[in-house]
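To start, the structure itself, in structure tokens.
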Amino acid sequence: MDVDGMNVAAEAVVEIVPGPAKEQRPPQKRRERVRNSIGVLVETLRIFEAVREAAEEEEQKEQSPKTSEDEAEVIEDKVQIILSDSTSPDRGTRKRKQRKKKKKNVPEEVDHPGLHKYWTRRYQLFSKFDEGIQLDQESWFSVTPEEIAKHVAERCRQCDVVVDAFCGAGGNTIQFALNCRRVIAVDIDPAKILLATNNARVYGVQDKIEFICADFMQVAATLKADAIFLSPPWGGPDYTQKQVFNLEDLSCVDAKEMFKVAKTVSENVIMYMPRNTNRKQLMSLAGVGNLVEIEQSVFRSKVVALTAYFGKLIDSNF
Ligand code: MGP
Ligand code: SAH
């Protein structure tokens, strides 16, 4: 939706609302006036809804490959916003039907005001989204966007075996599998293992991955790898409410303990952490005299996370 379109819709609302002064109207017209006002309100809501939907579609259009069918839908939406008025019952019916059709496509777990943005970004999370990617609610807001996961995996290209200790729905696992010989993917939640298995199949890399459903802290002693990736839960989208995210704020694991255990699997550790993470604490994990590289992971022109590299992964020749 472009800014002009928004203005047209906003102007339409301003023009509709004022009417003649109350006392000048004949009393017998009251019911009719109430009916008209309701009609105006309903139409106003429709306009706002249409503007919101078109803006989302436009954002998605900018971010993702589109089919000609999708293009047609966006254009039709725009035309409707511009022509919208409160006198055309036909158009209202059509719009409602269209909305119903669109809503049906949005999976239940993201059909919520705070989560809808992840749905509009679906092709950035997985470019093969339409080929059968499956996510649950936690995965929608936790999955590493594909470009970031790809970048991290490319830095591990020299690694034969990589452990993804908190694999979730497989955003990182898939990219590691595309760049390395073998991946060991661990998650404590059996539902995530099913999702990641399905999603790895979509990318044709399932045969390169060994999935383990377990608490990483419990199975770490049995694992060996050339690099280990840690993307633990950050406690949900509310992590942004904190000005500084301290390592103790990780909800499911003790960060220092997790790092210590990870080092027994490989000295080459990668941590994917909130963008507001206390950097001094992150650096201190490396230990005195050791290096850490903290990368600002950018998605949609914005830093969305910090990726910290420890060990040989810092060396660009590794
Ligand atoms: P976000 O909270 O969606 O911020 O997380 P964004 O996109 O900046 O939202 P906006 O409304 O400010 O624009 C950004 C990224 O962080 C997500 O795409 C995930 O990759 C990652 N992420 C978010 N959470 C809540 C988690 C989490 O709990 N664990 C892990 N490993 N990654 C997460
Ligand atoms: N990087 C993943 C997202 C990880 S979200 C992706 O791109 O898809 C964090 C995951 O850690 C969740 O799926 C959660 O089930 C899992 N988890 C939480 N505690 C765990 C533990 N102790 N051991 C292994 N997995 C755990």
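Since every read-out is calculated from the coordinates, none of them should be taken as a lab result. As the structure is a computational prediction, the values presented were derived from the model and not from experiment. Neighbour counts are summed over all protein chains in view; Cβ atoms, including those assigned to glycine, are modelled from backbone coordinates with ideal geometry.
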Neighbourhood net charge (15 Å Cβ-Cβ; Lys/Arg +1, Asp/Glu -1) for ALA169:
-3
Taking a label point 7 Å from the Cα of GLN296 along the Cα→Cβ vector, which residues of the range 246-287 have an amide N closer than 15 Å to it?
274-279
Phi angles of the range 197-212, converted by Karplus (6.51 cos²θ - 1.76 cosθ + 1.60, θ = phi - 60°) into ³J(HN,Hα) in whole Hz with x for Gly and Pro, give 5, 4, 5, 5, 5, 4, 8, x, 10, 4, 6, 9, 10, 9, 8, 10
Convex hull over the alpha-carbon atoms of the range 124-314: what's its volume per residue in Å³?
105 Å³
Can you list residues from other chains, or at least 5 along the same chain, whose modelled amide H is less than 5 Å from the amide H of LEU230?
ILE270, MET271, TYR272
Along the range 219-229, Karplus-curve 3J(HN,Hα) (6.51, -1.76, 1.60; θ = phi - 60°) to the nearest Hz, with x for Gly and Pro, reads 9, 3, 4, 8, 10, 9, 7, 8, 7, 9, 10
What shape does the range 158-224 take by its C-alpha gyration tensor, where a ≥ b ≥ c are the square roots of the eigenvalues and a/c under 1.5 counts as rounded, a/b above b/c as prolate, and the rest as oblate?
oblate
For HIS151 and LYS208 in the same chain, what is the full-extension length gain: residue separation times 0.36 nm, less their Cα-Cα distance, in nm?
18.6 nm
Under 5 Å between amide H atoms, partner at least 5 residues away or on a different chain: which partners does PHE211 have, H built in plane at 1.01 Å?
ALA185
Against the empirical 2.2 N^0.38 Å scaling, what ratio does the C-alpha Rg of the range 171-265 come to?
1.16
